[in-house]
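*Asks:* Following this message is one structure expressed as structure tokens.
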Amino acid sequence: MVLKVGAQEVSLPADLRQHNLTLYNSSLFNPAFSLDRNNPQSVSVWTRWQWQSIDADPSTLYLNYTRTLNGRSAAGAAFFQHNTGVYYNTGGVLNYAYKVEFNPLIKLSFGANLFGFVQKLADDRFVIDPQIPFPQIQNKNDFILQFAPGANLMIENFSFSIASENLFDFNFTDKGSNTNAAYKIFMGMVSYDFPVMTSDSTAFLRPSIYLRTIPLLENQIGLNALLSTQKYWAQLGYNNFYGIGIGGGGTILNRYSLGAIVEFGTSSSLNSKNPSFEFVASYFIDNPETRRKSVLPSLLEEEKVLPVKEEITEEKPKEDVETVNALALEKEAQQEEEQEKALAAQEKEKEKQEIQEAKALAAQEKAIEKQKKKDSVALVKEQKEALALAKKQEEEQQKITTQKTKNADAIADAQRLKEQQRVDSISKAKASEALALNQQRITDSINNAKAAELEAAQKEAQENQVVQKTDTVVKPEAGEKYEEVATEGSLEPGFYLIANVFGTQKYFEAFINDLIKKGLQPKSFLREQNNYNYVYLERYNTMAEARRARESKFGGRYTEKTWIFRVVGQ
């Protein structure tokens with residue numbers, strides 16, 4: 001038996017990894033949650049260490065301040081640092097949410113997060129070897145604005161929310177969109193708050209399920225269960241990519257809350273990774289008594305005890321026995337009359353119901369009779385179609401018989417033709433010498449033509465060498481992304497129009513297939529220096545040709561960003 005196993009480093013999705021934010025800082029999951037799930041007015045911090053690798057493990061830090069503006073709106077501001085493993089993002093977030101109340105049970109909230117951050121490379125594998133004595137590109141820091149809207153519909157204790165993490169974004173450094181339409185992240189969540197019957201009227205159990213779409217990866221599906229009281233909270237969750245998460249925390253002096261979450265990878269690609277850790281802390285600035293709302297409004301209303309008013313009664317003279325008995329008899333008579341009226345109303349209602357049932361039965365019988373008529377018409381139609389089909393099959397069989405007769409005649413004619421061809425071949429043999437001489441002449445003319453083509457190709461190669469020598473020294477233009485090397489494997493010297501660079505085989509293959517579907521013919525090479533796949537659209541002999549192709553968006557066939565990679569040659 002021979003067994004071959006292959007694997008590669010697991011790549012993190014492009015999201016903010018905020019799927020465990022169920023109580024504090026949950027406005028990062030959906031901006032509309034700042035109205036109720038951030039517990040305004042408060043200052044909260046959240047940090048996550050992914051897999052605890054030693055070499056710059058992907059991490060996230062989020063420091064957020066939230067407060068209510070009035071009974072219908074809330075706002076917040078935050079600072080964040082997010083390491084994706086490839087990029088390192090540092091910046092701030094502004095949040096605003098507004099609530100519309102249709103009635104006390106139905107509410108619709110809208111919210112938005114505006115991210116502004118500087119993005120730079122976090123992986124030193126992208127740094128080019130400084131020993132190469134040619135112009136080098138410099139890693140630049142991009143400033144990006146990113147807009148993330150969201151909405152939340154609440155029907156009593158039921159909640160349905162949707163949001164997008166990067167619906168609109170703009171790169172001010174490159175003066176264009178930071179991600180195209182195929183790289184947008186969308187999220188949807190459904191949850192329900194079940195009251196927990198304790199002395200704490202604000203305690204609840206919130207199960208929820210969410211779906212997150214990730215570019216170039218499988219959708220994330222997750223489950224969460226949160227138990228929250230005024231003194232402590234606990235949660236249990238599962239994500240089909242990140243694994244199982246368990247966490248909890250407590251509240252001290254009704255103002256300070258501390259907690260932690262640990263997450264274990266369960267899939268075959270992640271079970272060898274170290275656990276991921278999250279820590280949350282929050283300080284409540286507003287009155288602790290108004291921080292949490294009861295989840296049992298209807299029950300509390302029923303349990304309210306109205307104050308008993310003392311009735312001041314005046315002493316009345318005692319009535320005699322006869323008067324009391326008369327009143328009792330009159331009351332009994334009234335009760336009997338009311339009972340008779342109720343019985344009469346019930347009889348009338350029963351009669352009405354029987355009439356309705358009789359009408360419904362008659363309508364049902366009529367519908368059955370109508371259906372029987374339709375079925376009989378359909379049966380006659382099917383019989384006619386069967387007869388027509390049998391007639392058609394008989395005609396086709398006759399055509400097949402006629403065709404077989406014609407084929408037999410054709411075979412006889414072919415045999416006669418073959419005999420005639422044998423006789424003709426004897427005659428043609430006599431002229432073979434003349435044909436051979438003529439063929440030799442044709443061969444000589446073809447060889448002469450090939451020699452001429454070879455001479456023209458050599459001349460063209462010499463001209464290309466002259467052009468390449470004139471382009472030996474290339475001066476990059478301002479803001480132009482350009483790189484050149486002396487040699488690169490077996491690549492032919494020239495100017496390559498690069499579309500993208502990949503360190504993961506899965507993304508590389510997906511990108512190649514996407515270009516082929518668009519009607520392009522992409523090519524690639526594996527660079528020995530960093531073991532990355534470079535995808536290029538075309539090779540050009542001169543820098544001017546490559547620049548024209550880049551400025552024209554490859555003749556309008558590829559609208560994304562491209563840059564030039566040159567192999568100088570010996």
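The values are calculated or read from the model by the stated rules, or taken from the named source; none is laboratory data. Remember, predicted model here, so these are calculated numbers, not experimental data. Cβ placement follows ideal geometry from the backbone for every residue including glycine, while neighbour counts extend to all protein chains displayed. Heads up: the accessible areas ignore ligands, DNA and RNA and are worked out on the full protein's heavy atoms, side chains in. Shrake-Rupley method; radii C 1.70, N 1.55, O 1.52, S 1.80 Å.
*Asks:* From the P(r) of segment 13-53, can you give the percent of Cα pairs sitting at distances over 11 Å?
*Replies:* That tail contains 66 percent of the Cα-Cα pairs.
*Asks:* I want the local charge near Lys553. Using Cβ-Cβ distances under 12 Å, sum +1 for each Lys or Arg and -1 for each Asp or Glu among the other residues.
*Replies:* Summing Lys and Arg as +1 and Asp and Glu as -1 gives +2.
*Asks:* Moving on to the next point. To one decimal place, what orientation-averaged projected area in nm² is obtained for the convex hull of the Cα set of segment 177-276? Kindly include the intermediate steps, with their values, before the conclusion.
*Replies:* Working: hull surface 36.0 nm².
Directional mean of the projected Cα hull area for segment 177-276 stands at 9.0 nm².
*Asks:* If Rh is defined by the Kirkwood formula over all Cα pairs and Rg also comes from Cα, what ratio Rg/Rh do you get for segment 470-530?
*Replies:* Details: Rg = 14.0 Å, Rh = 14.0 Å.
Checking Rg against Rh, the ratio lands at 1.00.
*Asks:* Would you rank Phe241, Phe115, Phe264 by solvent-accessible area, highest first, keeping every protein chain in place and using a 1.4 Å probe?
*Replies:* Phe264, Phe241, Phe115
*Asks:* For the pair Gln521 and Ser269, what calculated FRET efficiency results from E = 1/(1 + (r/R0)^6), where r is the Cβ-Cβ distance and R0 = 35 Å, to the nearest 0.05?
*Replies:* With a Förster radius of 35 Å, E is 0.60.
*Asks:* Averaged per residue, what accessible surface does segment 146-290 expose to a 1.4 Å probe, in Å²?
*Replies:* Each residue of segment 146-290 exposes 50 Å² on average to a 1.4 Å probe.
*Asks:* Over segment 147-204, what portion of Cα pair distances is larger than 16 Å, expressed as a whole percent?
*Replies:* The proportion of pairs with Cα distances above 16 Å equals 62 percent.
*Asks:* Search the structure for amide H atoms under 5 Å from the amide H of Thr173, placed 1.01 Å from N in the peptide plane, and list their residues when 5 or more places away or on another chain.
*Replies:* Correct list: Phe143.
*Asks:* Report the extension gain between Ile244 and Gln421 in nm, rounded to one decimal, defined as 0.36 nm multiplied by the number of residues separating them, less their alpha carbon distance.
*Replies:* That works out to 55.5 nm of additional length.
*Asks:* How would segment 336-445 be classified by its alpha-carbon gyration tensor: rounded, prolate or oblate, with rounded meaning a/c under 1.5 and the a/b versus b/c comparison settling the rest?
*Replies:* Oblate, because a/c is 1.5 or more while a/b does not exceed b/c.
*Asks:* Also, quick follow-up: Considering only the other residues whose Cβ falls under 11 Å of the Cβ of Asn152, what net charge follows from Lys and Arg at +1 and Asp and Glu at -1?
*Replies:* +2
*Asks:* Give me the extension gain from Glu395 to Lys506: residue separation times 0.36 nm, minus the current Cα-Cα distance, reported in nm with one decimal.
*Replies:* Value of the extension gain: 34.2 nm.
*Asks:* Work out Dmax and Rg for segment 374-417 from the C-alpha atoms and quote the Rg first, both in angstrom.
*Replies:* Cα-based Rg and Dmax for segment 374-417 come out at 19.4, 64 Å.
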